[in-house]
Amino acid sequence: MRRPGFVAAAIAAAMLLAACSSGGGTSSGEAGSGGASGAPVTLTLWHNYGTEQNAVATKALTDAYTAKHPNVTFDVVSQPGDNYFSLLQAAAVSQTGPDLAVMWTGLFDLKYQDWLVNLKDLVPAETLAKVQGLEWMSPGFDKANGPLVMPLERQFYIGFYNKKLFADAGISSVPATWDDLYAACDKLKASGVTPIVYGNGGQSLGATFYPWYDMSYLMSGLYSVDQWKGLYDGSIPWAAPENVDQLTKWAALKSKGCTNDDVLTKTNNLDDFTSGKAAMIIDGTWDTQKFTDAMGDDVAAFVPPFSGTPVKGVVEYPGDGFSITSYSKNQQAAADFLSFLASPEGAAIVDKAGLIPALEGTTTSNPVNEQMLGFAETGGFTRY
């Protein structure tokens, strides 16, 4: 899930809090019209993943499903991210859109639920029960009401750092507070590298600076999960002195030279990180595999230290997945594919693409993703 601009910060915080997941179906997709012996069917699938690992996983999942069910083919369409939801809305009005569409979870799927199918009616309960985070994509945020999205993955907003560059600069421990971060920046600058690189990364949302991963940690550095609600119900003003102080300290990262100069326009910040020109980046699990492929054991995850005391929260949730459109003429075939996604075989494909499956009882083979899971599972961090 990715979006621009600080003016809409309250909306972004609400989306982060409500970020979600869903699941369902027969374990292999054999039962419905998508079964191996069914009539030929073509499922159109829209996504806004660009070249992220999510796009890699999507192709691998659709290819594997067609190999199991030759009567089912997919027309996978990569739509531009900057107006993706406008395109979906227009397609819903004219009923000319896809059978399956990538949908962000939380408040997004609730906003568009009039043209999404509730998976409770198409996917067996025993399959849905195995999928994590269904509450964040169900009406009323109650999983008993049934999900509107089948999550592709468990997702993190997180920081990544280059262990070798840290060691070369004489940084012996990962920064845990603002003061630690400023001190590390001074050492990294002295060693000749950019401390933190910003930009729009590999996202397809246009060449704009994207501050929302940071914003989630700026607010988790101040408030509990329950208190976050105050940011969008008005009980905590966005201009509260504590918020202003956090944002002032964050803005000082650029004025102190801790970041690249072109944060608003840079589009190759991922390359700067993987090539060793920059020591840190704030990003997400959709790029973990790119980092580990390029950097091997030199890359690790860290919680952005945007607080005067160590942050003990981590942003983890099923951030997006696939929904079935209400006007699709192939709803059961689409549901059978989503059931495959929620199967152990589907989870293995998601893992192989470098993502963290959202299926209960599965984990990740990527060591940096495993480190992220450990923050909450063994490190005592609160999930936001």
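The values are calculated or read from the model by the stated rules, or taken from the named source; none is laboratory data. Quick caveat: nothing in here was measured; it's all calculated off a predicted structure. All Cβ positions, even for glycine, are placed from backbone atoms using ideal geometry, and neighbour counts span all protein chains on display. Please note that ligands, DNA and RNA were not included when accessible areas were found on the heavy atoms of the full protein model with its side chains. Shrake-Rupley method; radii C 1.70, N 1.55, O 1.52, S 1.80 Å.
Label Asp142 and Thr378 with points 7 Å out from Cα along Cα→Cβ: what is the distance between them in nm?
Placing both labels 7 Å beyond Cα along the Cβ direction yields 3.8 nm.
Once you charge only the Cβ atoms, +1 for Lys and Arg and -1 for Asp and Glu, what is the size of the charge dipole of the chain about its Cα centre, to the nearest 20 debye?
360
Extension gain Asp180-Val77, at 0.36 nm per residue separation less the Cα-Cα distance, in nm?
Here the answer is 32.6 nm.
Quick one: how many lysine pairs does the stretch 265-373 have with C-alpha atoms less than 23 Å apart and a gap of 8 or more or different chains? Give me the count, please.
Lysine pairs meeting both conditions in the stretch 265-373 amount to 4.
Going by amide H atoms built from the backbone, whose H comes under 5 Å of the H on Gln155, apart from near neighbours?
Answer set, sorted by chain and number: Tyr317, Gly319.
Which order do you get for Phe108, Phe340 if you rank them by accessible area with a 1.4 Å probe, largest at the top?
Sorted by accessible area, descending: Phe108, Phe340.
Can you give me the solvent accessible area of His69 with a 1.4 Å probe, rounded to the nearest 10 Å²?
Here the accessible area works out near 0 Å².
Going 7 Å from the Cα of Lys256 toward and past its Cβ, which residues in the stretch 270-308 have a backbone nitrogen under 13 Å from where you end up?
Under cut-off, by backbone N: 305-308.
Where does each of 237-245, 290-298 land if you order them by average Cβ count within 10 Å, highest first?
Result, highest mean Cβ count within 10 Å first: 290-298, 237-245.
Write down the radius of gyration of the stretch 150-252 and its Dmax, each obtained from C-alpha positions, in Å.
Spelled out, the Cα radius of gyration and Dmax of the stretch 150-252 are 16.4, 47 Å.
Which angle between 0 and 90 degrees, to the nearest 10, do you get for helix 84-94 versus the longest principal axis of the chain when only C-alpha atoms count?
With both axes taken from Cα atoms, the answer is about 20 degrees.
How big is the chain by the Kirkwood estimate over distinct Cα pairs, in Å?
When all Cα pairs of the chain are included, the Kirkwood radius is 21.2 Å.
Would you mind working out the accessible area per residue for the stretch 152-226, using a 1.4 Å probe, and quoting it in Å²?
33
In terms of modelled amide H atoms, which long-range or inter-chain residues lie less than 5 Å from the amide H of Ser326?
Hits under the 5 Å cutoff: Leu116, Val117.
Would you grab the residues whose amide H sits under 5 Å from the one on Ala300? Only those 5+ places off in sequence or on another chain, please, with H modelled 1.01 Å from N.
HN-HN under 5 Å from Ala300: Tyr161, Lys163.
Under the Karplus relation 6.51 cos²θ - 1.76 cosθ + 1.60, θ = phi - 60°, what is the ordered set of whole-Hz ³J(HN,Hα) values for the stretch 121-129, x standing for Gly and Pro?
Running phi through 6.51 cos²θ - 1.76 cosθ + 1.60 with θ = phi - 60° gives 7, 10, 10, x, 4, 5, 6, 4, 5 Hz.
Ranked by accessible surface with a 1.4 Å probe, highest first, in what order do Arg154, Arg383 come?
These residues rank, largest area first, as Arg383, Arg154.
Determine ³J(HN,Hα), in whole Hz, for all residues of the stretch 354-368 in sequence, where each value follows from phi through the Karplus function 6.51 cos²θ - 1.76 cosθ + 1.60 and θ = phi - 60°; x replaces Gly and Pro.
Each residue's phi maps through the Karplus curve to give x, 9, 9, x, 9, 8, 4, x, 10, 9, 10, 8, 7, x, 6 Hz.
Measure off, as a whole percent, the carbon and sulfur share of the 1.4 Å-probe accessible area of the chain, all protein chains present.
It is 54 percent, rounded to a whole number.
In whole Hz and in residue order, list the ³J(HN,Hα) couplings for the stretch 179-185 that follow from phi through the Karplus curve 6.51 cos²θ - 1.76 cosθ + 1.60, θ = phi - 60°; x for Gly and Pro.
4, 4, 5, 4, 5, 5, 4
I want to check the label-to-label distance for Thr363 and Lys111. Put each point 7 Å from Cα in the C-beta direction and report it in nm to one decimal.
Result for the modelled spin labels: 3.7 nm.
Quote to one decimal, in nm, the extra length available between Thr267 and Lys163 on full extension: 0.36 nm per residue of separation minus the C-alpha distance between them.
Contour length minus the Cα-Cα distance gives 35.1 nm.
In percent, how large is the relative contact order of the stretch 55-138, given Cα pairs closer than 8 Å and 6 or more residues apart?
Relative contact order here is 20 percent.
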